[in-house]
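The structure appears right after this line, and notes come after that.
Each reported figure results from applying straightforward, stated rules to the coordinates on display, with no laboratory input. Please read these numbers as outputs of a predicted model, since none were measured by experiment. Glycine gets a Cβ as well: all are built from the backbone with ideal geometry, and neighbour counts include every protein chain shown.
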Amino acid sequence: MEHRIKIKNFEELIENFFNAKIYYDDNVKKSIKILVYGIIGIILISFSGLIYFYDAFYKSTPLTPAQFTINGQNVNDFTYILQYDAYSSSQEAVLDMAQTTYDLIVMDYYYAEEPWTVDEIDTIQSSSPQLTQKIALCYISIGEAESYRPYWNASWDSDFDGVPDVDAPDWLDVENPDWEGNYKVKYWEESWQNIIFGSESSYLDKIIELGFDGAYLDIIDAYEYYEEQGISNADQLMIGFVQNLSIYCKNKNPNFLIVPQNGEALGVNQEYLEVIDGIGRENMFYEGNIRNSEDYVQETIDYLDLFLDENLFVLQIEYPTLPRLIRLSYSKGTENGYVCYVGPRDLDEIQINANYEPN
Ligand SMILES: [Ca+2]
Ligand SMILES: [Ca+2]
């Protein structure tokens with residue numbers, strides 16, 4: 001009898017435990033809830049903290065970076081800076097670019113709408129602490145016109161609606177919706193190519209005159225846009241453009257480097273590989289902090305192999321901010337034989353990445 005009562009009491013106890021309103025008033029229930037959520041929260045925070053510290057301070061031995069010999073200089077690291085707003089003067093920018101020990105720098109032609117001087121480029125190229133030379137490539141967009149460049153005429157799109165006005169040259173096309181002030185150009189037209197190369201006042205001639213080691217050609221992939229517009233030989237027209245400007249530049253300076261950015265699918269054309277010295281590839285493994293699909297990455301690797309097979313150098317540029325993805329950018333690039341740089345998306349500072357410092 002006593003035993004049965006005990007069991008009954010126990011059953012009641014269990015029942016009451018789950019039926020908390022008998023045991024606890026609302027405040028106690030609330031406190032328990034807060035406590036339970038708090039514990040879960042602390043577990044989650046500790047876990048993510050653990051992952052963060054693993055990412056930030058995990059010291060895997062970085063692979064020995066790939067190395068290329070470019071114009072007789074060893075290049076196993078490089079940097080890329082196009083905007084100089086963070087500097088208070090061009091002198092300060094020049095000093096920073098000169099002092100960095102990266103072997104190669106991709107930079108712009110202008111500081112605050114003023115071209116650099118011959119002396120400044122010379123300083124940047126040769127005054128790193130080890131007194132080793134640095135290769136300086138000048139960025140130039142050959143597949144889009146930029147409304148903030150000296151060749152631009154305000155009358156070409158005076159109402160800023162992204163559509164060329166009647167006064168605009170024939171080669172000028174609509175504004176790129178993703179990049180304000182950048183306009184598509186029919187790059188195969190002679191008058192656009194004349195802006196890029198071929199006379200004292202043309203862009204590439206000025207770049208050569210300043211003493212740059214080469215040109216870093218952007219918007220090569222403009223040919224994809226015109227293919228979609230129905231220009232079936234847009235790729236061949238781009239190759240022809242690069243061939244012409246390359247022959248012209250190398251005739252002026254045989255060591256002048258021609259380095260297109262992106263558009264690696266053109267590598268299936270042997271005549272293209274013959275007129276360039278290397279290639280830069282952005283966002284290959286990651287789009288910012290988002291991983292690209294395996295198919296996309298593999299296709300890009302296969303195209304870039306065509307360049308490596310011809311002993312051309314491959315510069316890989318990624319823009320992740322997460323320490324783990326920075327590490328993976330370098331290791332994946334290195335495994336595939338590229339020299340990697342992870343920088344800020346705005347390309348407005350020379351970034352030094354922990355464990356991947358220039359050496
Ligand atoms: Ca307009
Ligand atoms: Ca180095």
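Here the contact order of the range 154-307, divided by its residue count and restricted to Cα pairs under 8 Å and six or more residues apart, works out to 15 percent.
For the chain, the membrane-span-like helix rule (DSSP H, alpha carbon extent of at least 20 Å along the helix axis, mean Kyte-Doolittle at least 0.0) picks out 26-57, 234-252; this says nothing about an actual membrane.
Rounded if a/c is under 1.5, else prolate if a/b is larger than b/c, else oblate: which is the range 83-169, with a ≥ b ≥ c the root eigenvalues of its Cα gyration tensor?
prolate
Across the range 164-246, Cα-Cα pairs more than 15 Å apart make up 63 percent of the total. Checking the Cα-Cα distances for 186/206; 186/250; 134/250; 134/184; 184/332; 186/332 against a 27 Å cut-off, the pairs over it are 134/184; 184/332; 186/332.
Here the gap between residue 29 and residue 158, fully extended at 0.36 nm per residue and compared with their Cα-Cα distance, gives a gain of 39.6 nm. Neighbour counts of other Cβ atoms within 10 Å put 349, 92, 144 in the fewest-to-most order 92, 349, 144.
Note on the chain: the alpha carbon radius of gyration divided by the globular reference 2.2 N^0.38 Å gives 1.40. Relative contact order of the chain: 16 percent, from C-alpha pairs under 8 Å at least 6 residues apart in sequence.
Extension gain, residue 74-residue 321: 0.36 nm per intervening residue step, less the Cα-Cα distance, totals 86.1 nm.
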